[in-house]
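Written below as structure tokens is the structure these notes are about.
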Amino acid sequence: MPSSDSLPETRRSVRLVTLGCARNEVDSEELAARLEAGGWELTEGDQPDVVLVNTCGFIQAAKQESIGELLSAAESGAAVVAAGCLAQRYGSELAQALPEAQVLSFDDYGGIADRLDEVLAGKRWPAHEPGDRRKLLPISPAGRPGADGPHVPGHGSVASDLPAGIAPASGPRVIRRRLDGGVVAPLKIASGCDRRCSFCAIPAFRGSFLSRPPADLVAEAGWLAGQGVRELLLVSENSTSYGKDLGDLRLLESLLPRLADVTGIDRIRVSYLQPAEVRPGLIEVMAGTPGVANYFDLSFQHASGRVLRAMRRFGDAERFCALIEQIRKLAPDAGIRSNFIVGFPGEEEADLEVLSEFLAQARLDAIGIFGYSDEEGTEAANLPGQLDAEEIADRVGELAALADELMDQRAADRVGEVHDVLIEEPAGGGQGSGRYTGRGAHQAPEVDGTTEVVSSRPLVAGELVRARVSGSEGVDLVADLIDGPGVPLGRLACGAGSHAGSPRNLG
């Protein structure tokens with residue numbers, strides 16, 4: 001097998017393309033660190049030696065985007081390598097369908113530099129045969145820590161051979177190289193999932209749930225702070241399961257204050273909360289810990305109990321509304337977002353009406369509406385009552401229009417509130433315009449709205465300021481910089497608010 005020692009002593013260049021979610025961003029930064037340590041130069045140029053695409057394989061649209069990116073990279077004349085979820089999920093099948101690209105599995109990440117060296121040496125290796133990655137770890141969560149298992153992307157914490165500048169000179173060395181210089185960064189707290197939702201294929205190719213040790217996370221948070229990060233977005237497939245394989249189902253409650261105490265970090269945001277696992281103690285910690293955003297990313301998926309049972313999920317509109325009220329009792333200003341699947345097999349008009357009524361009552365800050373699509377290997381793909389694509393598209397259109405109106409109204413309800421806004425960059429006019437783009441605690445990066453702060457003094461990226469909301473533009477807010485403590489916020493229960501009512505009477 002060729003190694004980097006057998007290749008010409010020239011700097012090899014690689015362009016790294018990341019598709020998909022924030023979890024993939026962390027994985028790409030692990031790949032970037034390993035490549036740089038192996039002598040590869042990361043470039044954004046048009047003529048790299050290799051293009052490495054970290055693909056997404058979650059839903060059909062993401063698969064198509066990934067394949068399009070791989071084909072586009074091949075047209076550039078560079079060698080093309082596919083990594084990430086699509087590559088892991090399909091392996092040899094993808095390699096056969098797309099001979100333009102070499103296909104890697106997660107288990108290739110540890111030796112990624114050598115793999116790319118082999119590409120330049122003209123070697124082509126057989127792609128892995130796809131399989132259920134859950135079988136690579138013990139069934140019992142208690143048996144997973146310390147087990148000799150598969151490589152888990154984004155879980156690297158210590159490396160003795162990384163060059164200076166990638167990690168602190170002392171203490172744990174983080175296997176990560178930042179690819180984005182922004183003031184917000186994702187921090188992966190766990191990977192995989194033990195749930196068995198009937199529509200989801202992620203557990204099969206991401207594997208069983210595996211938490212990262214708290215000490216590794218605190219060390220990485222400190223390293224990120226040293227890189228200029230001011231907000232950490234905690235990511236995983238299911239953050240509410242954090243710690244169950246480490247023997248502590250409430251480990252997230254103790255982790256959050258530790259991360260909030262890291263010098264230089266101003267805000268911690270938790271994503272991917274499973275409603276069935278949201279404990280009262282977790283709500284109390286998230287609502288009451290300084291530095292932890294009052295932000296609840298709840299994966300409801302639907303509101304009809306009948307549809308949710310077919311999805312193999314917990315809850316219904318009544319239970320979800322009770323959870324929202326519990327959150328708002330402790331944190332009246334809490335930001336709450338969720339995603340919903342429309343057109344699931346067997347979904348009826350009555351189920352859509354239940355979902356519409358719930359959305360009108362819940363007063364969510366952010367709502368994602370997605371059309372159901374079959375995923376190979378899932379139970380839902382074989383359920384009766386499959387709907388045709390046109391009907392699903394019509395339902396998505398109807399619910400998405402309602403969601404847009406409700407989110408606009410929820411943003412308007414926030415006029416007069418005082419928020420802590422993390423400044424990210426000057427607004428449209430650039431420096432000197434007196435306007436700066438940032439996000440309040442209820443606004444997650446990329447998926448939610450923003451807050452434009454009007455200030456008579458210059459603001460800088462990474463500055464956390466207090467501002468009073470003076471207006472809204474769709475889901476986005478406009479706020480004026482203020483000094484001193486803010487005014488108390490009003491309470492908003494599920495079903496309360498100036499615009500609450502039947503979705504048939506909106507507008």
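The values are calculated or read from the model by the stated rules, or taken from the named source; none is laboratory data. This one's a predicted model, so the numbers in the text were calculated from it and none came from an experiment. Don't worry about glycine lacking a Cβ; one is built from the backbone with ideal geometry, like all the others, and counts go over all protein chains shown. With ligands, DNA and RNA removed, areas are computed over all heavy atoms of the protein, side chains included. Shrake-Rupley method; radii C 1.70, N 1.55, O 1.52, S 1.80 Å.
Compute the whole-percent fraction of alpha carbon pairs in the stretch 116-155 spaced more than 14 Å apart. The answer is 65 percent, as a whole percent. Once you treat every alpha carbon in the stretch 328-412 as an equal point and sum by Debye, what is log10 I(q)/I(0) at q = 0.15, 0.19, 0.20, 0.25 Å⁻¹? Relative scattering, expressed as log10 I(q)/I(0), comes to -0.61, -0.86, -0.92, -1.22.
For the stretch 189-303, the fraction of C-alpha pairs more than 19 angstrom apart is 45%.
Value of Rg to Rh for the stretch 369-437, rounded to two decimals, is 1.25; Kirkwood radius and Rg both from alpha-carbon coordinates. For the pair S254 and E44 in one chain, pulling the backbone fully straight at 0.36 nm per residue adds 71.6 nm over the alpha carbon distance.
In the chain, the portion of solvent-accessible area held by carbon and sulfur atoms comes to 50 percent [1.4 Å probe, whole percent, DNA, RNA and ligands not counted]. Taking trypsin sites (Lys or Arg not before Pro) in DSSP loop conformation with at most 14 other Cβ atoms inside 10 Å as exposed sites, the chain has its longest uninterrupted site-free stretch at 313-490.
Run the numbers for L179 and E93: contour at 0.36 nm per residue of separation, minus the present Cα-Cα distance, in nm. 27.9 nm is the gain from fully extending L179 to E93.
Phi-derived couplings, Karplus 6.51 cos²θ - 1.76 cosθ + 1.60 at θ = phi - 60°, listed residue by residue for the stretch 223-232: 5, 5, 4, x, 8, x, 6, 10, 10, 9 Hz, with x used for Gly and Pro.
In summary, the convex hull built on the alpha carbon positions of the chain has an orientation-averaged projected area of 24.3 nm². Work out the FRET efficiency for I139 and S373 from their Cβ-Cβ distance, taking R0 = 35 Å, and round it to the nearest 0.05. That gives a FRET efficiency of 0.75.
Here the chain is assigned +1 on the Cβ of each Lys and Arg and -1 on the Cβ of each Asp and Glu. Its dipole about the Cα centre then comes out at about 1480 debye.
Work out the FRET efficiency for H151 and E473 from their Cβ-Cβ distance, taking R0 = 41 Å, and round it to the nearest 0.05. Efficiency, rounded to the nearest 0.05: 0.35. Taking 25 °C and 0.890 mPa s as conditions, the stretch 246-308 diffuses translationally at an estimated 189 µm²/s according to Stokes-Einstein applied to its Kirkwood radius (Cα pairs).
Taking each residue as 0.36 nm, the span from R196 to D114 lengthens on full extension beyond its C-alpha to C-alpha distance by 25.9 nm. Inter-label distance, V454 to E425: 2.3 nm, where each label sits 7 Å from its Cα along the C-beta direction. Based on DSSP H segments of at least four residues, each scored -39500 (n - 2.57), the chain has a per-residue ellipticity at 222 nm of -9000 deg cm²/dmol. Residues whose amide H falls under 5 Å from that of N339, counting only those 5 or more places apart or on a different chain, are F300, Q301, G368, with hydrogens built in the peptide plane. Extending 7 Å from the Cα toward the beta-carbon at both E405 and L330 defines two label points whose distance is 3.4 nm. Can you tell me the orientation of helix 349-362 relative to the chain, as the angle in degrees between its alpha-carbon axis and the longest Cα principal axis, to the nearest 10? Here the helix axis deviates by roughly 80 degrees. Legend: P(r) of the stretch 290-448 from all alpha carbon pair distances, 10 Å bins from 0, whole percents, reading 10, 34, 30, 17, 8, 1. Among the cysteines of the chain, C21, C56, C85, C193 have no other cysteine beta carbon within less than 4.7 Å of their own. Taking amide H as placed 1.01 Å from N in the peptide plane, the amide H of R12 sits under 5 Å from that of E41, each at least 5 places away or on another chain.
Per-residue 3J(HN,Hα) values for the stretch 421-426, derived from phi via the Karplus relation 6.51 cos²θ - 1.76 cosθ + 1.60 with θ = phi - 60°, read 10, 8, 6, 10, 5, x Hz in sequence order (x marks Gly and Pro).
Annotation for the stretch 315-415: GluC sites (Glu not before Pro) lying in DSSP loop with at most 13 further Cβ atoms inside 10 Å of their Cβ are E348, E376. Computed from the Kirkwood radius of its Cα pairs, the Stokes-Einstein diffusion coefficient for the stretch 1-123 at 20 °C and 1.002 mPa s stands at 150 µm²/s.
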